[in-house]
Amino acid sequence: MIETARLRLRPFTLDDIPAVHAFQSREDVARWLYWEPRDEDEVRAMVESHIARPPEEGVVLAIERDGELVGHAGVGIGDHRQGELGYIIDPRHQGQGYATEASGAILELSFETYDLHRVYGRIEPRNVASARVRERLGMRKEAHLIENEWVKGEWQSEAVYAILAREWREARGRR
């Protein structure tokens, strides 16, 4: 479990399924993701997979604010001590800095606990709010791939943002 100024990031439980389904079933949440709005069975499978995920593969944590689930954030660990940052915030709670706050905690976990060298995040460049979150975290835009994927019936582009452990530590006055 991780505590931030306003949030608590904790492992998922099966009791989280209704709250996760409430936002993952929305078209506006799925818009920039690879999947369509999820039904309850799909959400259950996703939550169960996060609960069963081996720690060496990373973690996805539920985000709570005052006991209410407001989203989830995590890092998937790949080769070469690199991780991929991801998050989803319930639209009812967007615009309050929760994605930035939770993702900052995930970066700290990535670099201090998992000892990753680099953390990156991939987004559809039209997802401007997500780009701003990555920029506030100190991630730099490393690539902008033009119409590189056929997703949901259209060619979509991809922006890659990343930060190195040394950059993250330097920004925080750590060695």
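Just a few scattered comments:
- Scanning the stretch 146-173 for residues that are assigned to a helix (DSSP H, G or I), touching a residue at least 12 places away in the same chain (Cβ under 8 Å) and of a type in the set (D, E, K, R) gives 167, 169.
- Checklist (1) in contact with a helix residue (DSSP H, G or I) (Cβ under 7 Å, 6 or more places away or on another chain); (2) surrounded by fewer than 12 Cβ atoms within 10 Å (Cβ to Cβ); (3) at pLDDT below 95 applied to residue 34, failing item: (1)
- Candidates 128, 133 - the one that is among the hydrophobic types (A, V, I, L, M, F, W, C) and farther than 19 Å from residue 4 by Cβ: 128
- Residue 91 surrounded by fewer than 18 Cβ atoms within 10 Å (Cβ to Cβ) and touching a residue at least 60 places away in the same chain (Cβ under 8 Å): yes
- Within the stretch 108-125, if we keep just the residues that are open to solvent by less than 50 Å² (accessible area, probe 1.4 Å) and touching a strand residue (DSSP E or B) at 6+ places or on another chain (Cβ under 6 Å), the residue that is farthest from residue 54 (Cα to Cα) turns out to be 125.
- None of 102, 73, 131 is open to solvent by less than 60 Å² (accessible area, probe 1.4 Å) and either among the hydroxyl-bearing types (Ser, Thr, Tyr) or in contact with a helix residue (DSSP H, G or I) (Cβ under 9 Å, 6 or more places away or on another chain) (or both) except 73.
- With respect to (1) open to solvent by 40 Å² or more (accessible area, probe 1.4 Å); (2) in contact (Cβ under 8 Å) with a residue 24 or more places away in the chain; (3) part of a helix (DSSP H, G or I), the lone exception for residue 80 is condition (3).
- Look at the stretch 96-124: where a residue is farther than 11 Å from residue 137 by Cα and a partner is in a loop (DSSP other than H, G, I, E, B) and open to solvent by less than 40 Å² (accessible area, probe 1.4 Å), sitting 6+ places away or on another chain with Cβ atoms under 6 Å, you get 110/116.
So that you can scan it fast, the table gives a plain yes or no per residue for (1) part of a loop (DSSP other than H, G, I, E, B); (2) under 14 Å from the mean Cα position of the chain (by Cα); (3) free of Cβ contacts under 8 Å to residues at least 24 places away in the same chain; (4) surrounded by fewer than 19 Cβ atoms within 10 Å (Cβ to Cβ):
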site	(1), (2), (3), (4)
18	no, no, yes, yes
62	no, yes, no, no
69	no, no, no, no
85	no, yes, no, no
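The values are calculated or read from the model by the stated rules, or taken from the named source; none is laboratory data. The structure presented is a predicted model; accordingly, all values stated were derived computationally and were not measured. Virtual Cβ from ideal backbone geometry, glycine too; neighbours counted across all protein chains shown. The protein model used for the area step is the full one, side chains on, heavy atoms only, and it has no ligands, DNA or RNA in it. Shrake-Rupley method; radii C 1.70, N 1.55, O 1.52, S 1.80 Å.
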